[in-house]
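Below you'll find the structure, written out as structure tokens, and then a few comments.
The values are calculated or read from the model by the stated rules, or taken from the named source; none is laboratory data. No experiment lies behind these values; they were computed from the predicted model shown. Note that each Cβ is placed from the backbone with ideal geometry, even for glycine, and that neighbours are counted across all protein chains shown. For the accessible areas, the whole protein counts, side chains as well, though only heavy atoms, and no ligand, DNA or RNA atoms are used. Shrake-Rupley method; radii C 1.70, N 1.55, O 1.52, S 1.80 Å.
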Amino acid sequence: MSLYYQTINSPVGAIHIATDGKNLRALALKGNWDKVKNRLDSMIEKQHPILEQTKEQLDEYFAQKRRVFELPIYFEGTNFEVSAWKALLKIPFGETRSYSEQAKAIGNPKAVRAIGRANGLNLISIIVPCHRVIGKSGKLTGFASGLDDKRFLLKMENKSV
């Protein structure tokens, strides 16, 4: 299957988005794009309505006019990974959760390290807000495109970090 992708500019730099024509399949920030594209099928740089819709909603998000995304998304991963990513969607804008809270939310409280790994494999950054997961101590830990991007996104969402 071929995917369509575009690169857009944002306050955190280049963002790469990809669709299979029905669902958003990837959203990667500059520091994570190479890793993400290696996990995807062949891609063609081309406009598509889902990519346009994603760009519009991201523009609204960065302009502080959108807190919830309304996009068709497709998760490709193990059952555990998909449950971890779905739990991310339940973290409200401007709030954070610890990895242990996320593990409890999926009914697997001992899977804290596995949650961290699953979050690191999230192909749909920002939309599936893995940046909202922090260490139990409140410290910023792990983010595929770097802690500066995570800090920026959390500050933009009015969360002091």
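Values as computed for the structure displayed
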{"read-out": "Lys/Arg +1, Asp/Glu -1 at C-beta; the chain dipole; positive extreme among 36, 64, 83", "value": "83"}
{"read-out": "Relative contact order computed over region 1-122 (Cα-Cα under 8 Å; 6+ residues apart), in percent", "value": "19 percent"}
{"read-out": "Derived scalar couplings ³J(HN,Hα) [region 12-25; Karplus, 6.51 cos²θ - 1.76 cosθ + 1.60; whole Hz; x for Gly, Pro]", "value": "9, x, 5, 10, 10, 10, 9, 9, 8, x, 10, 9, 6, 10"}
{"read-out": "Ratio Rg/Rh [Cα only; Rh per Kirkwood] for region 1-81", "value": "0.95"}
{"read-out": "Mean accessible surface per residue for the chain, computed with a 1.4 Å probe while every protein chain stays in place, in Å²", "value": "52 Å²"}
{"read-out": "Extension reserve of the residue 80-residue 64 stretch, reckoned as 0.36 nm per residue once the Cα distance is removed", "value": "2.6 nm"}
{"read-out": "Reach of residue 65 by Cα under 14 Å, taken over aspartates and glutamates that are not fewer than 8 positions away in the same chain", "value": "56, 157"}
{"read-out": "For region 1-85, share of DSSP beta bridges that run antiparallel, in % to the nearest 5", "value": "70 percent"}
{"read-out": "Selected from 115, 91, 124 as most flexible by GNM, with the chain as the system and alpha-carbon contacts under 10 Å", "value": "91"}
{"read-out": "Fully extended contour minus Cα-Cα distance, from residue 110 to residue 7, at 0.36 nm per residue", "value": "33.3 nm"}
{"read-out": "The chain - charge dipole about Cα centre, Lys and Arg +1 at Cβ, Asp and Glu -1, debye rounded to 20", "value": "700 debye"}
{"read-out": "DSSP-defined beta bridges in the chain - what % are antiparallel, rounded to 5", "value": "60 percent"}
{"read-out": "Evaluated over the chain, the Cα radius of gyration and Dmax, each in Å", "value": "14.9, 43"}
{"read-out": "Within the chain, helix-based [θ] at 222 nm, where runs of 4 or more DSSP H residues each add -39,500 (n - 2.57), nearest 500", "value": "-10000 deg cm²/dmol"}
